[in-house]
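J.: First the structure, then my questions, so here it is.
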Amino acid sequence: MTPTRRRRLIFAVLLIGGIGTAVALGAYAFRQNLFYFYSPTQVAEGDAPPNHPFRIGGLVEKGSLKRDGMTVHFMVTDTAKSVPVVYTGILPDLFREGQGIVAQGHLNRSGVFVASRVLAKHDSTYMPPEVARALKRAHAREAAAARAKAAEAGAR
């Protein structure tokens with residue numbers, strides 16, 4: 001092998017190795033920052049991974065907000081199921097009961113979502129797409145259950 005060919009081969013191997021390393025590091029960083037979204041119904045049914053970070057979204061259930069210093073306990077609902085949430089920190093100004101929120105955190109062993117970050121919707125018309133879809137599915141399930149109940153009552 002001539003010295004020129006050898007240099008080109010070494011350069012090509014180093015270049016491919018460098019690109020491979022960059023892709024691997026990028027994929028690792030992306031995976032570490034990836035948060036899946038789950039609705040309260042999915043969390044209540046056990047679809048969400050325990051002790052793994054994810055996002056949950058829905059409405060803050062009316063009458064569920066309890067403050068204890070900097071710690072806040074509340075329930076997030078999609079109108080079908082509710083999940084207890086605990087958050088320690090300063091809440092957004094728009095946070096209140098009946099408000100749409102998205103919380104980021106993890107589910108502990110007792111089934112309580114421990115939020116590390118809480119985001120409240122910023123105006124009356126915006127709702128995160130994941131929350132809107134989850135609420136729409138919950139309403140559809142409720143309507144189907146009501147129709148089935150009405151059909152069953154009519155058959156008697």
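The values are calculated or read from the model by the stated rules, or taken from the named source; none is laboratory data. This structure is a prediction, so every number in the text was calculated from the model and none was measured. Please note: Cβ atoms are built from the backbone with ideal geometry, for glycine as well, and neighbour counts cover all protein chains shown.
J.: Every residue in segment 43-74 that is in contact with a helix residue (DSSP H, G or I) (Cβ under 9 Å, 6 or more places away or on another chain), closer than 15 Å to residue 108 by Cα and touching a residue at least 12 places away in the same chain (Cβ under 8 Å), please. Explain how you work it out, then say what you get.
T.: Pass one, segment 43-74, residues in contact with a helix residue (DSSP H, G or I) (Cβ under 9 Å, 6 or more places away or on another chain): 47-48, 54-59.
So of that shortlist, the ones also closer than 15 Å to residue 108 by Cα come out as 47-48, 54-56.
Across segment 43-74, the qualifying residues are 48, 54, 55, 56.
J.: Need pairs with beta-carbon distance below 9 Å; first residue free of Cβ contacts under 8 Å to residues at least 40 places away in the same chain and within segment 1-30, second in a helix (DSSP H, G or I); sequence gap 6+ or separate chains.
T.: 1/9
J.: Out of 62, 66, I need the residue that is under 23 Å from residue 138 (Cα atoms), surrounded by fewer than 17 Cβ atoms within 10 Å (Cβ to Cβ) and either in the same structural domain as residue 133 (by TED's automatic domain parsing) or modelled with pLDDT of 90 or more (or both). Which one?
T.: On the way: 66 fails: under 23 Å from residue 138 (Cα atoms).
When all the criteria are applied, what remains is 62.
J.: Within segment 73-94, track down each residue that is surrounded by fewer than 20 Cβ atoms within 10 Å (Cβ to Cβ) and closer than 11 Å to residue 115 by Cβ.
T.: Of everything in segment 73-94, those that are surrounded by fewer than 20 Cβ atoms within 10 Å (Cβ to Cβ) and closer than 11 Å to residue 115 by Cβ turn out to be 73, 84, 86, 88, 89, 91.
J.: Those residues that are surrounded by fewer than 17 Cβ atoms within 10 Å (Cβ to Cβ) and not in a helix (DSSP H, G or I), I need them from segment 31-52; list them, please. Show your work before the answer.
T.: Within segment 31-52, the first condition is being surrounded by fewer than 17 Cβ atoms within 10 Å (Cβ to Cβ), and the residues that meet it are 31-36, 45-47, 49-52.
Hits for segment 31-52 are 33, 34, 35, 36, 45, 46, 47, 49, 50, 51, 52.
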